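Report on the structure given below.
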Amino acid sequence: MTSFATHRLRVHDAGRPPYRRLSALRTCLTEFAPYGFYATYHHLCRSAGIPRDLDEDPGSLVRAVEELDEARRLWLAELASWKTGRRAQKRAGVRRPDPPQPSQGLFWPDPGFHPGGRLVEVMPAVMRGRPDLEGHQGRDGACPVCGAGRGTVEWDGDGYGRYTLCAGCGLGLGRRPPGLPDVRERVEVRSAFRLRLHLIWTRAEEDRRRT
């Protein structure tokens, strides 16, 4: 398996067709995606301005992979520091890591609802988070990632679960069975969600947003 660094260089390679450079960017996302694959891809398409027709702005792919790499480097540095401290803790007989290992990513169930800032700006809060966010909202009602006390919203747009999201940034804070008792309705919602993922994948959703 080739590495993130290898695919990052392929994104930079102007001698490659743009669609192959996009494929390399997507492979980078399989190795590092702080919001989950689709939500991170959606974020990068917006922040870097990746057009549906890649020939219009192939440089947008470089902007996207560099934003992703910037956040990944921050995580790698934090992880290396944590490992050094953890080795010292083990020598001292500390069995439970304190602090826990920095998280590489959390879960944003709605791929179109995620933080709007650059990934490197959000990563410190993501690294302090936990992969299991059940009940992880702070006592004061503030989101552990965006820090906003805007409360929560319910989302069941994928047809597989009913999610509690931070109303400020969309972070997943809990999951319950889908509130769709009718089988036909669940099938329709899941089909609509797959279509939405396809629109994100092809960047057609961004074309709709601009028009």
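Values computed for the structure shown
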item	result
Residues being surrounded by fewer than 16 Cβ atoms within 10 Å (Cβ to Cβ) and over 25 Å from R184 (Cβ atoms) - total across the stretch 144-165	6
Subset tally (residues that are over 11 Å from the mean Cα position of the chain (by Cα), closer than 30 Å to G170 by Cα and open to solvent by 40 Å² or more (accessible area, probe 1.4 Å)) for the stretch 84-113	5
Meets criteria (modelled with pLDDT of 85 or more, more than 30 Å from R73 (Cα to Cα) and surrounded by fewer than 17 Cβ atoms within 10 Å (Cβ to Cβ)) for V187	yes
Count - residues of the stretch 22-50 that are open to solvent by less than 10 Å² (accessible area, probe 1.4 Å) and under 17 Å from G112 (Cα atoms)	12
Given (1) under 26 Å from G49 (Cα atoms); (2) surrounded by 13 or more Cβ atoms within 10 Å (Cβ to Cβ); (3) at pLDDT 90 or above, number of the condition G116 does not satisfy	(2)
Residue, farthest from V145 (Cα to Cα), within the stretch 10-58, restricted to residues that are without any contact (Cβ under 8 Å) to a residue 12 or more places away in the chain and not acidic (D, E)	G15
Subset tally (residues that are under 17 Å from A142 (Cα atoms), free of Cβ contacts under 8 Å to residues at least 40 places away in the same chain and outside any strand (DSSP E or B)) for the stretch 158-185	2
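The values are calculated or read from the model by the stated rules, or taken from the named source; none is laboratory data. No experiment lies behind these values; they were computed from the predicted model shown. Here the Cβ is made from the backbone with ideal geometry for all residues, glycine too, and neighbour counts use every protein chain on show. Please note that ligands, DNA and RNA were not included when accessible areas were found on the heavy atoms of the full protein model with its side chains. Shrake-Rupley method; radii C 1.70, N 1.55, O 1.52, S 1.80 Å.
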